[in-house]
Every structure is written in structure tokens, then in C-alpha cells.
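Chemist: Before anything else, here's the structure in question.
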Amino acid sequence: MTGADPLVVVWMGVADPGPGLSVLATRCGASVAHLQLGEPSLRRELDRLADAGERRVVLVGVSFGAAPGNSWLRRVAAHWWRERTDPPEVVVATGLLDHEHDEVAPLLARARPIVGTEAGLASSAWEDVPRHRQQVFVCRGPRCTARGADESAAVLGRALAAAGLGDDDVLVTQTGCQFPCNHAPVATVQPDDVWYGGVDAAAARAIVHEHVVGGSPVAGHRLVRDPGGAGR
Ligand code: FES
């Protein structure tokens with residue numbers, strides 16, 4: 001381990017990590033930060049530790065599902081390190097904690113410090129606004145995830161791929177809570193302004209085949225939306 005150096009476990013995914021992340025952090029004596037959705041962000045947590053006078057901070061990413069690779073943890077940490085005046089040393093584990101690697105010590109044994117030459121946040125590959133014609137927002141908030149939104153999202157992605165549709169055609173984006181949680185799992189198709197509830201695996205396939213490919217929203221799962229609140 002790292003002696004008195006503060007350890008931060010960084011949740012890499014979009015979906016709510018549930019209580020497992022806090023349990024893991026407590027077991028490791030670590031604080032928690034989030035690379036994407038969730039508070040505190042990694043930037044905020046690094047600021048907090050630096051403001052407290054810490055001179056060495058250790059980061060290890062955690063992923064129990066779909067999430068960016070560990071290189072993104074280094075990119076984001078390096079971006080903060082370059083922008084911060086007199087930053088502490090930031091050391092990043094070279095692997096992620098996941099279902100197969102749930103011990104911190106072996107990962108920290110291979111940790112490497114940020115040196116400032118790491119890749120930045122921008123790339124020419126990420127300049128253009130994508131040209132997709134539809135975007136499917138799959139809710140990965142706590143209630144939708146508890147009702148199987150992870151499987152729905154995976155099935156949706158596979159069905160789109162099987163239909164020959166890539167990101168330039170239909171962009172799938174996982175989100176936090178979209179609010180009509182009683183209908184979880186929830187997904188929306190934009191710009192069609194179509195909201196779906198009860199999006200299990202079968203419904204996810206139907207959304208691809210009937211709506212995205214066939215052009216007709218799936219009536220059995222469609223939620224009524226009331227723009228402007230006239231029905232409230
Ligand atoms: S958690 Fe999905 S709509 Fe609230």
C-alpha cells in the first residue's frame with residue numbers, strides 16, 4: 001500500500017455504482033470520485049486533496065461494467081495536473097479494479113506517476129458533431145439499472161449492430177435518471193420525442209426493429225408525454 005498517501009477510488013462508469021463502491025472504498029481506506037456522472041468529480045476530489053496540502057495522491061479506477069479504459073483516468077488526471085498550480089504528485093494504478101481484480105495492492109504495485117506528457121482531452125477525431133439521425137438515451141439511473149437497464153442497453157447495442165447500424169446512424173447514450181422511474185427501465189428516442197417504459201430485452205429488440213428500422217414506435221411500451229404540462 002502507500003502509507004499515508006490518500007487513495008482515491010474512481011468510478012469509471014456512467015451507471016450508478018450502488019453501495020458496492022462505498023463498501024470498496026471503506027475497505028481500502030479510500031475516498032471516492034467519479035470520472036463521469038456522480039459527485040464528487042475526480043477534478044473536485046483532486047482539488048480538495050490539494051487544497052488540504054496533500055503532496056501525493058494515488059488513484060485507482062473501478063469498473064464493474066461498460067466504462068472507458070484506464071487510459072482515460074490518466075488523461076483526466078493529467079489534465080488536472082497540468083492546470084493546477086504546484087500540484088501534488090498524482091500516481092495512477094495501471095489497471096482497473098473489476099470483478100476479476102478486486103485487490104488494490106497488486107494494482108498499486110504497478111502504479112505510475114503523472115508526468116505531464118500524457119495525451120490531452122482533445123483530439124482531431126472528436127472535432128465534428130456526429131451525423132447520426134437518431135439518438136437513443138438509455139436510462140442507467142438507480143431504479144432503471146436495478147430493473148435490468150444494463151441488459152437492455154447491451155441488447156439494444158447488439159440489435160443495432162446486427163441491423164448494420166453504427167454510431168453514425170443511431171447513437172446510443174446512457175444517462176442518469178430521466179424521471180419517470182415508475183416505468184423503469186426507461187429509454188427515449190430523439191429527435192422523435194418518443195419515450196419508452198418497461199424496456200426489457202424484448203422491448204429493446206422491438207425498439208430497434210419496429211421503431212429505428214421500421215419507423216413505427218413500439219405502442220406497447222410507449223409512454224405518454226405531456227409537453228408544457230397541460231395535463232397536470
Ligand atoms: S432511474 Fe431511470 S427514469 Fe429514474
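Where a number appears in this text, it was derived from the coordinates with a stated rule and is not lab data. Remember, it's a predicted structure, so these values are computed and weren't measured experimentally. Cβ atoms come from the backbone with ideal geometry, glycine included; neighbour counts cover every protein chain shown.
Chemist: Would you grab the residues whose amide H sits under 5 Å from the one on Glu89? Only those 5+ places off in sequence or on another chain, please, with H modelled 1.01 Å from N.
Modeler: Close amide H contacts, sequence-distant or interchain: Arg56, Val57.
Chemist: Of all alpha-carbon pairs in the stretch 7-113, indicate the percentage at a distance above 25 angstrom. Let's see the in-between values first.
Modeler: On the way: 614 of 5671 pairs.
In whole percent, the share of Cα-Cα pairs in the stretch 7-113 beyond 25 Å is 11.
Chemist: Which cysteines does the chain leave without a neighbouring Cys Cβ under 4.7 Å?
Modeler: Within the chain, the cysteines lacking a partner Cβ under 4.7 Å are Cys28, Cys177, Cys181.
Chemist: Further, regarding this structure: Regarding the stretch 134-229, what is the average projected area of its C-alpha convex hull, in nm²? Please report the intermediate quantities before stating the final value.
Modeler: Values: hull surface 22.3 nm².
Its Cα hull, projected and averaged over all orientations, spans 5.6 nm².
Chemist: Same structure, new question: Semi-axes of the equivalent ellipsoid for the chain, please: Cα gyration tensor eigenvalues, times 5, square-rooted, ordered largest first, whole Å. Walk me through the numbers before you get to the answer.
Modeler: Details: eigenvalues 286, 72, 55 Å².
After diagonalising the Cα gyration tensor, the semi-axes are 38, 19, 17 Å.
Chemist: Now for a different question. Relative to the longest principal axis of the chain, what angle (0 to 90°, nearest 10) does the C-alpha long axis of helix 19-28 take?
Modeler: On a 0 to 90 degree scale, this one is about 10.
Chemist: With only Lys, Arg, Asp and Glu charged, each at its Cβ (+1 for the first two, -1 for the last two), find how big the charge dipole of the stretch 72-178 is about the Cα centre; round to the nearest 20 debye. Numbers along the way, then the final one.
Modeler: Working: 12 positive and 15 negative charges, 41 e Å.
Around 200 debye, computed over the stretch 72-178.
Chemist: A further question on this structure: I'd like the Karplus ³J(HN,Hα) series for the stretch 49-55: coefficients 6.51, -1.76, 1.60, θ = phi - 60°, whole numbers in Hz, and an x wherever there's a Gly or Pro.
Modeler: Ordered by residue, 3J(HN,Hα) equals 5, 5, 5, 7, x, 5, 10 Hz.
Chemist: Pick from Ala203, Ala111, Ala162 the residue whose mean-square fluctuation is largest in a GNM of the chain, springs joining Cα atoms under 10 Å.
Modeler: Ala162
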